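Scroll down for the structure; my scribbles are underneath it.
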Amino acid sequence: MRVIRASAMGVCFGVRDALKITEIIEHPVQVTVYGELVHNPLVQNRMQQRGFKQSGERERRKAIPDTAAVLITAHGISQRRKAELLLAGKTLVDTTCPLVKKAHASAVRLRDQGYYLLVIGQPDHVEVQGITEDLYRFEVLPDAKAVKTYESDRLGIICQTTTPAALAKQVRAAVAQMNPHAEIKYIDTICQPTKDRQAAVEDLLDQVKTVVVVGGIHSNNTRQLAQRCRERGAVVHHIQSSEELNPRWFDGVDVVGLTAGTSTLPETIEAVYKTLGEMKSTAGAAERENSWHCYPHKIKRHERIDAA
Ligand code: SF4
């Protein structure tokens, strides 16, 4: 069995930069992270150990934290929410990814130009909430089935940054089909690291039928990677850490693909890669033992494989 790694995977620059900022904060106990910094339990545990407080995601995120400082995560927040925090006297440590800021700015520009906003993304995701809280009239479209005919004759479309490009294309086609009366303006706000990881997983799926996807269970881009693997007919194992790997999953598997979401740390990926390699050895040993007892003439062949 070989393990093939996707050519692009793991932590993106937005998450990496946000993590770097947290590392230089001298007094974490005075800082509340406004939601999950990244959807990665390992990172969250480390931050809690350092003393950071954390407000919940989504609805619970709306409460004003009681610490003097509030750290805005890479997913960003609305201008409205920012103003509320500043009004409450909070110091803001802003780690919003520049590509999320681009999505916010695109939405506001379309809004100001009089377009009715259609946001392709997950309605309950904090990034989408941050974008839509600054809009008055909008719809969030998780897929093409959600598309309707809209009254407005000017429709502006943007995407959650981690939207698969193929999904965005389907939704745009549905909007155009159901709204022939409307002028439609699309701004591509899918981030480049997401595009790179999605392209890499397509290459990976040309080579493997089983894929291990590493990343938080609440991580949108990780779930999208896993979903794409399933759509292409692969057997998918979505895990958060190497401890979750089960050797039985790989019985009879010759080659396995490895990919990871943008909030997965390099050390987590390496641990999974190493563990997969060890499982490979165990499976090989079982096979060799079987060969010894039943097919002694095959031993030479297995020895050659071990040396490769
Ligand atoms: S996934 Fe994209 S938008 Fe989100 S933090 Fe990473 S680079 Fe930024």
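Checked against the criterion of being surrounded by 19 or more Cβ atoms within 10 Å (Cβ to Cβ) and at pLDDT 90 or above, the candidates A83, A88, A74 yield just one match: A74.
Being closer than 16 Å to H104 by Cα and within 16 Å of the ligand (Cβ to nearest atom) is true of T162.
The rows are residues; the columns are (1) more than 30 Å from C97 (Cα to Cα); (2) touching a Gly at 6+ places or on another chain (Cβ under 9 Å); (3) modelled with pLDDT of 95 or more.
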{"position": "Q240", "(1), (2), (3)": "no, yes, no"}
{"position": "V253", "(1), (2), (3)": "yes, no, no"}
{"position": "G261", "(1), (2), (3)": "no, yes, no"}
{"position": "E270", "(1), (2), (3)": "no, no, yes"}
{"position": "E278", "(1), (2), (3)": "yes, no, no"}
{"position": "A283", "(1), (2), (3)": "yes, yes, no"}
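Please go through the stretch 2-20 and give me each residue that is surrounded by 15 or more Cβ atoms within 10 Å (Cβ to Cβ) and either among the polar types (S, T, N, Q) or in contact with a strand residue (DSSP E or B) (Cβ under 8 Å, 6 or more places away or on another chain) (or both), ordered by number. Selection gives V3, I4, R5, A6, M9, G10. Any residue in the stretch 137-153 that is at pLDDT below 95 and either surrounded by fewer than 24 Cβ atoms within 10 Å (Cβ to Cβ) or at negative phi (or both)? Yes; the residues of the stretch 137-153 include at least one that is at pLDDT below 95 and either surrounded by fewer than 24 Cβ atoms within 10 Å (Cβ to Cβ) or at negative phi (or both). Can you spot a residue in the stretch 13-28 that is farther than 25 Å from R197 by Cβ and of a type in the set (A, V, I, L, M, F, W, C)? Yes, that holds for at least one residue. For the stretch 231-283, a residue qualifies if it is closer than 18 Å to L204 by Cα and of a type in the set (A, V, I, L, M), and the qualifying residues are A234, V235, V236, I239, V253, V255, V256, L258, A260, I269, V272, L276.
For the stretch 230-256, the set of residues classified as in a helix (DSSP H, G or I) and either hydrophobic (A, V, I, L, M, F, W, C) or not assigned by TED's automatic domain parsing to the domain that holds E270 (or both) consists of W249, F250, listed by residue number.
Restricting A173, A260, A234, A226 to residues that are among the small types (G, A, S), more than 14 Å from the ligand (Cβ to nearest atom) and under 26 Å from G35 (Cα atoms) narrows the list to A226. Among the residues making up the stretch 106-131, a single one is within 30 Å of A68 (Cβ to Cβ), modelled with pLDDT of 95 or more and more than 16 Å from the ligand (Cβ to nearest atom): V108.
Among the residues of the stretch 63-105, those identified as in contact with an Asp or Glu (Cβ under 9 Å, 6 or more places away or on another chain), more than 16 Å from the ligand (Cβ to nearest atom) and not in a loop (DSSP other than H, G, I, E, B) are Q79, R80, R81, K82.
For the stretch 106-120, taking the residues that are part of a helix (DSSP H, G or I) and out of contact with any helix residue (DSSP H, G or I) (no Cβ under 7 Å at 6 or more places or on another chain), the one that is farthest from Q170 (Cα to Cα) is identified as D112. For the stretch 121-141, residues that are within 17 Å of L167 (Cβ to Cβ), in a loop (DSSP other than H, G, I, E, B) and in contact (Cβ under 8 Å) with a residue 40 or more places away in the chain total 4. Scanning the stretch 170-199 for residues that are crowded, with 22+ Cβ neighbours inside 10 Å and among the polar types (S, T, N, Q) yields T189, T194, Q198. Checking each residue in the stretch 1-24 for being out of contact with any Phe, Trp or Tyr (no Cβ under 8 Å at 6 or more places or on another chain), more than 16 Å from the ligand (Cβ to nearest atom) and in a loop (DSSP other than H, G, I, E, B) picks out S7, I24. Among the residues of the stretch 201-257, write down those that are surrounded by 17 or more Cβ atoms within 10 Å (Cβ to Cβ), closer than 21 Å to A168 by Cβ and of a type outside the set (A, V, I, L, M). Result: G215, S219, N220, N221, T222, R223, Q224, R228, C229. Condition check for A68 on (1) surrounded by 15 or more Cβ atoms within 10 Å (Cβ to Cβ); (2) touching a strand residue (DSSP E or B) at 6+ places or on another chain (Cβ under 7 Å); (3) not charged (D, E, K, R): one failure, at (1).
The values are calculated or read from the model by the stated rules, or taken from the named source; none is laboratory data. It should be emphasised that the depicted structure is a prediction, and the values quoted were computed from it without experimental measurement. Every residue, glycine as well, gets a Cβ built from its backbone with ideal geometry; the counts of neighbours run over all protein chains shown.
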